[in-house]
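Worksheet: the structure to be examined is printed underneath.
The values are calculated or read from the model by the stated rules, or taken from the named source; none is laboratory data. On a predicted model such as this, the values are computed, not experimentally measured, just so you know. With ideal geometry, Cβ positions are generated from the backbone for all residues, glycine too; neighbour counts draw on all protein chains shown.
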Amino acid sequence: MGRSVVVHRLNRRWAQVNVPGCGWVRFRLSAKGKGARLPEAKTFRVTFRNGQWHIAFAVIPEPAPAPGTDEVIGIDRGVTITAALSDGRKLNCPQLTVKERAQVRKHERRAARAGKDNPQKAAEYAKAARLKAREANRRKDWCEKTSTMLARSYGLVRFEKLNIQNMTRSAKGTVQQPGTNVAQKSGLNRSILAQGWGLLRRRTEHKAPGRAEDVPAPYTSLRCSACGWIEKRSLKSQADFECVSCGFTCNADKNAATNVTAGQGGIHRPRCSAGAGGATAATSRSSAREPQPNWVGIPLF
Ligand SMILES: [Zn+2]
């Protein structure tokens, strides 16, 4: 946005904001807004719902107090588990329940079947949209609570560095080079976006400025957190990791998160590079999480 918001507080209950192209607009402060530091808002949004106009200001949250320890936590982000922590905790972003998802499909189906001029059509789409908005609200709430917890509990929060934009890029490809598994990839895209990864990372940075880092960690799920050996046969299943080199066993998600804590990328070139050989369920998952392993230029340390 860049342009800062100009807000003047008129009295305890009223304030006014300069809306570009519209001029000064007075608004009544909600209970929450009475004590808020309005001039610090970066953006605002005006909406019309239930017959009333609302204005909402986006304020960057205050940094949370650091715990005063040097404890480092690594977070491995995944699709089946939203965030696996290196202390073994698993955090899941709430989504719609199976029942709610069925309701969304039902309303969308009814809307699709309703004729063009049928008022039912818009009503059914609105019902589906309301359910989807509920999911978005839950996700935002979860990201706020989780980022606050991370900022308060750990001295340093390390995230597995991944390029969500690349990961969610459509698999359709081009006319010359059509992509494969387009439908599967688009399903994965949806679930990645649904997890709110980007938001969690951003909010943690806001609440723990300078205490959140991105760690380049290729092959986090295939690397042994005990000895560093990378081999895809070590990932026995989606949940179990057993190092073929040293025999270390661990929960697969905890192992990956521990690698993120250590902040170590590839230390050995994997004997079986990801994507080669037979594609089992486990390996197709890991290659989906680390889609573009690029070994050229990765320092060996
Ligand atoms: Zn090992």
- Filtered residues of region 131-156 (kept if basic (K, R) and at pLDDT 90 or above): K145, R152
- Message: For region 218-230, give me each residue that is within 9 Å of the ligand (Cβ to nearest atom) and not in a strand (DSSP E or B).
- Response: C224, S225, A226, C227, G228, W229
- Message: Given the condition in contact with a Leu (Cβ under 9 Å, 6 or more places away or on another chain), at pLDDT 80 or above and under 30 Å from T220 (Cβ atoms), answer yes or no: does some residue in region 1-8 qualify?
- Response: no
- Message: If I go through region 59-82 residue by residue, how many of them are of a type in the set (A, V, I, L, M, F, W, C) and at pLDDT 85 or above?
- Response: 3
- Message: Any residue that is modelled with pLDDT of 85 or more, over 26 Å from T204 (Cβ atoms), surrounded by 15 or more Cβ atoms within 10 Å (Cβ to Cβ) and not assigned by TED's automatic domain parsing to the domain that holds T82 - is there at least one of those in region 218-225?
- Response: yes
- Query: Taking region 106-122 on its own, how many of its residues are under 31 Å from the mean Cα position of the chain (by Cα) and surrounded by fewer than 12 Cβ atoms within 10 Å (Cβ to Cβ)?
  - Reply: 2
- Give the residues of region 115-143 that are small (G, A, S) and within 22 Å of N92 (Cα to Cα), sorted by residue number. A133, A136
